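Remarks on the structure that follows.
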Ligand SMILES: Nc1ncnc2c1ncn2[C@@H]1O[C@H](COP(=O)(O)OP(=O)(O)OP(=O)(O)O)[C@@H](O)[C@H]1O
Ligand SMILES: [Mg+2]
């Protein structure tokens, strides 16, 4: 894990927000002058003059060599296709990581290892950030940079480990557990940012003990955290996690596009839809056009969503489009979903149909928010006071209206910062400046190790009985260090001491496990997963058992968990190789 180096060893924070739909970076000096706000600058990696994120897209040539990233990748790809050449364009590949897929799939259905695709993306952004900082301050010394990489709060330890490795392959850090890299949970950073950038009157109402929910509505995920503020408005930010983070990995804005494409599939029929998918350039253009319609869609206000399909060229003639629309309208008699042809190759998508692309996502989001509001009262007896909406999807007038309509009350305020899409980057910079502002989190799993205990026939099943040197033991016992849903302080150290059962034993093997259950008896129970192991020398065969004790420590760090075992002589084994990557 990253043990926090003294903050004064760093001069700058560089935060990278690698998003499903868009990516960017921010730079902030570590030093914040008394009474001043941190100076955070956000940059578009593809355009120095812009302070928004760029599209997350990466282009490789047919041999797998990196060509371009972001909007450059999209432009270059269009040119390559125009020249009737080929290349591999990847988009939305962060979603592959959710399923721990080995490979990312390009727009034309070819594959490259996901690790390569992600680490090349990070490398591009990191190189741009260092270039920018060099321009600002002259020579940049990497050891003086605290890197922060944002990850969805919903992700597990294995995903986080993957990102650390990708950052190492990108040359950002030189070892996997380098303290120079912190992972920041996306909505958590945003929670810091929302207070920091809030207007005076809002900030003044964000006082101690207020409960704040952050909805990070991004391209792929909607990530939700609920915090309790531990600080008064004029004090430095401090909070604890109030409910475990939750949300949905497939509820983001990209899935509006997915529902739109399902509609196209129905309208086009199998053959034309196959042509559409094959014609990568036309597909990109149509999706770009739809993106524009999606962003401004605001039922009740902006009614017209006119889609241009001319990009399909000869694949879709004007007369063929007319036939398709007639077919659609005769199959779907609902007058609210009837299509109208506009010009040679345009169609008007009626608001009810547009709404149907968003609704399945909104249902999930509102249901979850409702559930969390109830849980807050039922399990903790406290109401949520604020909902902050961040992430690009929170710019949607439709989503904002639905959340406000459903949840806003006199004592529950819904706030959307001015530029919600960059909240995560700004928040990650603030987290980098002061990682200790989050004091505790709620453990999503139960963590423990395997042990033997004295056999108790009342408690233990007979098949777990083993006899060692004449004594009866129960084997495979799950000894929990931390239980699911329990609050764990940041950098909280959990220590337990174990002694060997056999006098002749010279090595102790400690195996770490985790489970989603709160209570678990045995390591071979259902849903228990092995994380990793440590084997430590414990002395000579005939030394007394008391002299062979081993201290096992689990530290729940700022964003990772680490394990150590220390024997009687003080030899320490650090950070066993938890097999995060394999799951
Ligand atoms: N007005 C809008 N309406 C709907 N969606 C929008 C709007 N503006 C931006 N988006 C969507 O927001 C997404 C980008 O937002 P953001 O940068 O927060 O997501 P991300 O960080 O890429 O995704 P994630 O956090 O899920 O990995 C894009 O998918 C874009 O389509
Ligand atoms: Mg995001």
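No lab work stands behind these numbers, since they all come straight from the coordinates. Note that the structure is a prediction, hence the values are computed from the model and not measured. Glycine also receives a Cβ, built like all others from the backbone with ideal geometry; neighbour counts cover every protein chain displayed.
The stretch between residue 32 and residue 47, if pulled fully straight at 0.36 nm per residue, gains 2.7 nm over its current Cα-Cα span.
Angle of helix 423-433 to the longest C-alpha principal axis of the chain, folded into 0 to 90 degrees and rounded to 10: 30°.
A Förster radius of 35 Å, combined with the Cβ-Cβ distance separating residue 419 from residue 275, puts the computed FRET efficiency at roughly 0.35.
Quick one: grab the alpha carbon gyration tensor of the range 7-186, order the square roots of its eigenvalues as a ≥ b ≥ c, and give me rounded if a/c is under 1.5, else prolate or oblate depending on whether a/b is larger than b/c.
Verdict is prolate for the range 7-186.
Please find the FRET efficiency linking residue 236 to residue 78, where r is the Cβ-Cβ separation and R0 is fixed at 56 Å, and quote it to the nearest 0.05.
Here the calculated transfer efficiency is 0.75.
Note on residue 205 and residue 544: the extension gain reaches 115.9 nm, defined as 0.36 nm multiplied by sequence separation minus the Cα-Cα distance.
Mean sequence separation of contacting Cα pairs (under 8 Å, at least six apart), scaled by the length of the range 7-186, corresponds to a relative contact order of 21 percent. Where only DSSP H runs of four or more residues are counted, the chain gives -10000 deg cm²/dmol as its mean residue ellipticity at 222 nm, each run worth -39500 (n - 2.57). For the pair the range 269-319 and the range 229-265, the centres of their Cα atoms are 28 angstrom apart.
Between the C-alpha center of the range 18-70 and that of the range 341-383 there is a gap of 29 Å. The modelled label-to-label distance between residue 377 and residue 169, using points 7 Å beyond Cα along the C-beta direction, is 4.8 nm.
Taking square-rooted eigenvalues a ≥ b ≥ c of the alpha carbon gyration tensor, is the range 276-335 rounded, prolate or oblate, where a/c under 1.5 means rounded and, failing that, a/b exceeding b/c means prolate? Since a/c reaches 1.5 but b/c is at least a/b, the shape of the range 276-335 is classed as oblate. Mean sequence separation of contacting Cα pairs (under 8 Å, at least six apart), scaled by the length of the range 254-357, corresponds to a relative contact order of 28 percent. Among 41-50, 199-208, sorting by the average number of other beta carbon atoms lying within 10 angstrom of each residue, highest first, gives 41-50, 199-208. Percent antiparallel among DSSP beta bridges with both residues in the chain, to the nearest 5? Bridges in the chain are about 80 percent antiparallel.
Ordering 411, 537 from the fewest to the most neighbouring beta carbons within 10 Å gives 411, 537. Rounded, prolate or oblate: which fits the range 443-582 when a ≥ b ≥ c are the square roots of the eigenvalues of the alpha-carbon gyration tensor, with rounded for a/c under 1.5 and prolate only if a/b beats b/c? Oblate is the answer for the range 443-582, as a/c is 1.5 or above yet b/c matches or exceeds a/b. With the simple spin-label model, which puts each label point 7 Å out from Cα in the Cβ direction, the residue 568 to residue 66 separation comes to 5.2 nm. Potential lengthening of the chain between residue 101 and residue 336 amounts to 80.6 nm, from the contour at 0.36 nm per residue minus the alpha-carbon distance. Taken as Cα centroids, the range 396-410 and the range 170-223 sit 22 Å apart, rounded to the nearest whole angstrom. Relative to the longest principal axis of the Cα atoms of the chain, the long axis of helix 114-137 makes an angle of roughly 90 degrees. In the chain, the longest principal axis of the Cα atoms and the axis of helix 280-296 are about 90 degrees apart.
So, by mean Cβ neighbours within 10 angstrom, what's the order for 268-279, 393-404 with the highest one leading?
Answer by packing, highest mean first, reads 393-404, 268-279.
Using the Cβ-Cβ distance between residue 462 and residue 436 with R0 set to 41 Å, the FRET efficiency from 1/(1 + (r/R0)^6) comes to roughly 0.25.
Sequence-distant contacts, meaning Cα pairs under 8 Å at least 6 residues apart, place the relative contact order of the chain at 13 percent. Annotation: peptides 318-329, 358-369, ranked by per-residue average of other Cβ atoms within 10 Å with the highest first, follow the order 358-369, 318-329. Extending 7 Å from Cα along the Cβ direction at residue 135 and again at residue 553 yields two label points whose distance is 4.4 nm.
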